[in-house]
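Enquirer: Handing you this structure, nothing more for now.
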Amino acid sequence: METLLHPTLLRIERERLLELDLALTREWLETDGLGGYASSTVLQCPTRRYHGLLVSTFPGTDKRHVFLARLEESVHALDESGIGPAGEGHFPLSMARYPDTWHPQGHTTLESFELAPFPTSTHRFGEARLTREIQMTHGSPTVLVRYTLRGGEDELELRVRPLLAYREADALTFENVDLHPEVRYIGTTRRALVLQPYTGLPPMALALDAREGAFEGDPVWYRDIEYKVDHERGYDAREDNFSPGLFRIRLRPGESVVLCASLETPHNDLAGLWDEHARARIERAAAAQTRGAAQLELGADDFLFRTRSGRLGVVAGYPWFTEWGRDLFLSLPGLLLARGRVAECGEALAGVVPFLRRGLLPNIFGSTPETSHYGSVDASLWFARAVRLYEQAGGDSALIASTLRPALVEIATRYSEGTELGIRIDESGLLLAGDGKLNTTWMDAVVDGLAVTPRDGLAVELNALWYFLLAYLEELADKAGEAREAKRWRADRARVGKAFLERFWLTAPRYLADTWKDGVADARVRPNMVIAAALEFSPLSESQRADIVYRSELELVTPRGLRTLGPRDRDYQGRYSGTPHERDRAYHQGTVWPWLLGFHCEAYLRCHPATRRSADHVRALLAGLEAEVRSHGLNHVNEVYDGDPPHRPGGCFAQAWSTAELLRARALAAAAEKAKR
């Protein structure tokens, strides 16, 4: 089997791995380019119900399912001499938590963990070392695990027992009589088999590529596996996994074997399949190292995926989000445009146009418009901004004219006429949406049927985006030489701009109100005003933008992003923790969101000259977030952080718009410095 050298972007040594509380917070992620993934901690000990080695959707559902939960592995001597300095007969490689105990204790043999180009664990026993490498194949719901024995002189036996969850990713499973324990072998070597524990779920294939090894049937349930993070988050945290048996594999020093789990027919050359995908991954990791933001670059690609129809989309976050419209349009500029992948951005934007319904784009995408959820006012407005940034990056003018601009016109027309979600314009042309119970902005937490942050009426970022859309349509009409159309949008834009300043601008404190309803402006300090200050088309003056940036840096900016509420406010909550209801109450009441920092940086650069100093200021603001890619969700930035120091991470360990806005802000700083030169 070919040996491939690769760069290492992150390596964790034994002494840090033995700090269990810390190691169990560090999570890796592998993705298949189809929305599926493999994920666990660096100890390979699951702490969430969402952890698994094969997590995927399948035809007939948009919900991810955990099929292969984990592998229980151990190394055994083949004679009485044993292995290791004390002559032990066997060593564990894996790890799991049960009530009041860890079993097995694979961390005791773990020497190091490396992240790139795929998660690699090295276990040591005496002179021998065994490495486990995990990678998902791009474009297939398939995970490959390669084991390599190095050092020592003796041949050893590796035992690998697959444990199955076979349930929806956000559910739990328990021992039951409905499970079918039978396996069907493929061929005569007992190295490939198919199982289908439940009739309503697809079959899974397991296959082994080894010189000598076979599967041995031994059906058994593993009961009361505990998930530490689920328990901390206030959820049920125990489940049972089923194992149909185990692979017994003989390994010589210097030899590798590959194990495969797949929802498709297994490849007949697993070693070749490993090398084929590994080579591309190694080249990508090496290229990323040359660009200065290697871990961010590698992490960004995890969010890009293809639907079964071939449409290019963005997974909003791992491990529980799928594709969300708002997140998609906010993320495309950073994930693609900031990295020079302009054509792909155009493809993704064009791909959502068939989902446009009555001016709305989905809040949550399904396979079709009929299976999608339309519950967001701002998804369509963020789409408009993404189209503008695509155009500025050199996007296809013919695509904009034929497909994207007509979609923008439909959005603006429908919003003006009135459509679902309470969307309509008031007498001044400003955009009204929602009601006391319907939360339609990104601050959408609901507890006991009531919005935690009710923002019905006029919301500042919605109206800033509404102004942006009208101004952009005016510019597109001007470029097309359509004077009458341009005049129409110009009049609407001017009317909205005047009303925006009258309703939202707070003269004495010199920042924007968050909402306006029934003649009352909500003057609480929230980050939505920063979005308004960052947008290219805005009724705000440069000095007004600067005042908002000042207020943001005074009360909202942290090393991890922007707080959702100023800490002086009586409703401020500085910790995102506790039960689901407690977390939802804190979600937008002080909790820090990293993606907002990108808009703060953009607003800062719009009201400061393009100089090395301004670029350095932005880079200093981003430094705290950039360090996060090595801390928790490896190669990734979390969804949220506590508002209070030390700003503990929370939510998803890998969030698309967190990574995207960090990449975009980096690009903005680089452009500002280049402009000065």
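The values are calculated or read from the model by the stated rules, or taken from the named source; none is laboratory data. Everything numeric here is computed off the predicted structure, so don't read it as measured data. Quick reminder, even Gly has a Cβ in these numbers, built from the backbone with ideal geometry, and neighbours come from all protein chains shown.
Enquirer: Does Arg308 meet the test of being in a loop (DSSP other than H, G, I, E, B) and not assigned by TED's automatic domain parsing to the domain that holds Phe599? Break it down into steps so the answer makes sense when it comes.
Expert: Details: in a loop (DSSP other than H, G, I, E, B): yes; not assigned by TED's automatic domain parsing to the domain that holds Phe599: yes.
Yes; evaluated as a whole, the condition is true for this residue.
Enquirer: Further question on the same structure: Just need a number here: residues in the stretch 491-531 that are touching a residue at least 12 places away in the same chain (Cβ under 8 Å), out of contact with any Asp or Glu (no Cβ under 6 Å at 6 or more places or on another chain), within 23 Å of His588 (Cα to Cα) and aliphatic (A, V, I, L, M).
Expert: 6
Enquirer: Continuing with the same structure: Please enumerate the residues belonging to the stretch 205-219 that are touching a residue at least 60 places away in the same chain (Cβ under 8 Å) and assigned to a loop (DSSP other than H, G, I, E, B).
Expert: Of everything in the stretch 205-219, nothing turns out to be touching a residue at least 60 places away in the same chain (Cβ under 8 Å) and assigned to a loop (DSSP other than H, G, I, E, B).
Enquirer: What's the number of the only condition in (1) in a loop (DSSP other than H, G, I, E, B); (2) in contact (Cβ under 8 Å) with a residue 60 or more places away in the chain; (3) farther than 30 Å from Leu17 by Cβ that Leu605 fails to meet?
Expert: Here Leu605 clears every test but (1).
Enquirer: Taking the stretch 81-100 as the region of interest, how many residues are surrounded by 15 or more Cβ atoms within 10 Å (Cβ to Cβ), at pLDDT below 75 and either at positive phi or small (Gly, Ala, Ser) (or both)?
Expert: Summing the residues that are surrounded by 15 or more Cβ atoms within 10 Å (Cβ to Cβ), at pLDDT below 75 and either at positive phi or small (Gly, Ala, Ser) (or both) in the stretch 81-100 gives 2.
Enquirer: Determine which single condition Pro649 fails, assuming it passes every other condition in (1) crowded, with 24+ Cβ neighbours inside 10 Å; (2) within 26 Å of Leu565 (Cα to Cα); (3) in contact with an Asp or Glu (Cβ under 8 Å, 6 or more places away or on another chain).
Expert: Failing condition for Pro649: (1).
Enquirer: Please note which strands (runs of 3 or more DSSP E) are completely contained in the stretch 118-204 and include at least 3 residues that are within 29 Å of Gly272 (Cβ to Cβ), under 26 Å from the mean Cα position of the chain (by Cα) and among the β-branched types (Val, Ile, Thr).
Expert: 142-150
Enquirer: Which of (1) buried (at least 16 other Cβ atoms within 10 Å of the Cβ); (2) closer than 30 Å to Ala669 by Cβ does Asn363 not meet, given it meets every other one?
Expert: Among (1) buried (at least 16 other Cβ atoms within 10 Å of the Cβ); (2) closer than 30 Å to Ala669 by Cβ, the lone unmet condition for Asn363 is (2).
Enquirer: Then there's this: If you take the residues of the stretch 220-265 that are out of contact with any helix residue (DSSP H, G or I) (no Cβ under 9 Å at 6 or more places or on another chain) and part of a loop (DSSP other than H, G, I, E, B), which of them is surrounded by the most Cβ atoms within 10 Å (Cβ to Cβ)?
Expert: Tyr227
Enquirer: Among the residues of the stretch 403-449, count how many are surrounded by fewer than 17 Cβ atoms within 10 Å (Cβ to Cβ), among the basic types (Lys, Arg) and within 31 Å of the chain's Cα centre (by Cα).
Expert: 1
Enquirer: Moving to a separate point now. Restricting to the stretch 300-318, count the residues that are in contact with a strand residue (DSSP E or B) (Cβ under 7 Å, 6 or more places away or on another chain), closer than 15 Å to Leu29 by Cβ and small (Gly, Ala, Ser).
Expert: 2
Enquirer: Of all residues in the stretch 434-469, count the ones that are in contact with a Lys or Arg (Cβ under 9 Å, 6 or more places away or on another chain), modelled with pLDDT under 85 and under 19 Å from Arg424 (Cβ atoms).
Expert: Here the count works out to 3.
Enquirer: Related question: List pairs: first residue in the stretch 415-440 and without any contact (Cβ under 8 Å) to a residue 24 or more places away in the chain, second residue among the polar types (S, T, N, Q) anywhere in the structure, Cβ distance under 6 angstrom, at least six positions apart or on different chains.
Expert: Note: pairs meeting the criteria are Ile425/Ser416.
Enquirer: For the stretch 617-639: of the residues being without any contact (Cβ under 8 Å) to a residue 24 or more places away in the chain and more than 29 Å from Val42 (Cα to Cα), which is surrounded by the fewest Cβ atoms within 10 Å (Cβ to Cβ)?
Expert: Ala620
Enquirer: Give the stretch 184-201 a look and list any residue that's in contact (Cβ under 8 Å) with a residue 40 or more places away in the chain and surrounded by fewer than 18 Cβ atoms within 10 Å (Cβ to Cβ), or say none.
Expert: Selection gives Ile186, Leu201.
One line per residue, one yes/no per condition, for (1) more than 19 Å from Leu246 (Cβ to Cβ); (2) surrounded by 22 or more Cβ atoms within 10 Å (Cβ to Cβ); (3) not aromatic (Phe, Trp, Tyr):
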| position | (1), (2), (3) |
| --- | --- |
| Trp102 | yes, no, no |
| Gln105 | no, no, yes |
| Thr108 | yes, no, yes |
| Thr120 | yes, no, yes |
| Arg124 | yes, no, yes |
| Gly151 | yes, no, yes |
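Enquirer: Return the only residue of Arg510, Arg484 being surrounded by fewer than 16 Cβ atoms within 10 Å (Cβ to Cβ) and on the phi > 0 side of the Ramachandran plot. Break it down stepwise before answering.
Expert: On the way: Arg484 fails: on the phi > 0 side of the Ramachandran plot.
Step by step, each of Arg510, Arg484 is checked, and only Arg510 is surrounded by fewer than 16 Cβ atoms within 10 Å (Cβ to Cβ) and on the phi > 0 side of the Ramachandran plot.
Enquirer: Could I ask something else about it? Quick one: which residue in Gly566, Gly561, Gly574 is at pLDDT 95 or above, in the same structural domain as Ala656 (by TED's automatic domain parsing) and farther than 29 Å from Tyr235 by Cα? Write out each step before concluding.
Expert: On the way: Gly561 fails: farther than 29 Å from Tyr235 by Cα; Gly574 fails: farther than 29 Å from Tyr235 by Cα.
Just one listed residue meets the conditions, Gly566.
Enquirer: Among the numbered criteria (1) surrounded by fewer than 23 Cβ atoms within 10 Å (Cβ to Cβ); (2) farther than 28 Å from Glu153 by Cα, which single criterion is violated by Leu78?
Expert: Checking Leu78 against (1) surrounded by fewer than 23 Cβ atoms within 10 Å (Cβ to Cβ); (2) farther than 28 Å from Glu153 by Cα, the one that fails is (2).
Enquirer: With respect to the numbered conditions (1) without any contact (Cβ under 8 Å) to a residue 60 or more places away in the chain; (2) part of a loop (DSSP other than H, G, I, E, B), which one is the sole condition not fulfilled by Gly272?
Expert: That leaves (2) as the condition not met.
Enquirer: Now for a different question. Enumerate the pairs (first residue in the stretch 535-559 and within 16 Å of Val618 (Cβ to Cβ); second residue anywhere and in a helix (DSSP H, G or I) and basic (Lys, Arg)) with beta-carbon separation below 6 Å, excluding pairs fewer than 6 apart on the same chain, so at least 6 apart or on different chains.
Expert: From residues that are within 16 Å of Val618 (Cβ to Cβ), the pairs are Arg545/Arg606.
Enquirer: His600 - would you say it is farther than 18 Å from Glu461 by Cα, in the same structural domain as Glu673 (by TED's automatic domain parsing) and touching a residue at least 60 places away in the same chain (Cβ under 8 Å)?
Expert: Here the answer is no, as His600 does not meet what is asked.
Enquirer: Is it true that Pro369 is crowded, with 18+ Cβ neighbours inside 10 Å, in contact with a Phe, Trp or Tyr (Cβ under 9 Å, 6 or more places away or on another chain) and on the phi < 0 side of the Ramachandran plot?
Expert: Criteria not met by Pro369.
Enquirer: Quick one: is Gly590 under 30 Å from Val446 (Cβ atoms), in a helix (DSSP H, G or I) and modelled with pLDDT of 95 or more?
Expert: Criteria not met by Gly590.
Enquirer: Here's something else I'd like to know. Does Glu502 satisfy the condition of being under 24 Å from Gln392 (Cβ atoms), surrounded by fewer than 18 Cβ atoms within 10 Å (Cβ to Cβ) and among the acidic types (Asp, Glu)?
Expert: no
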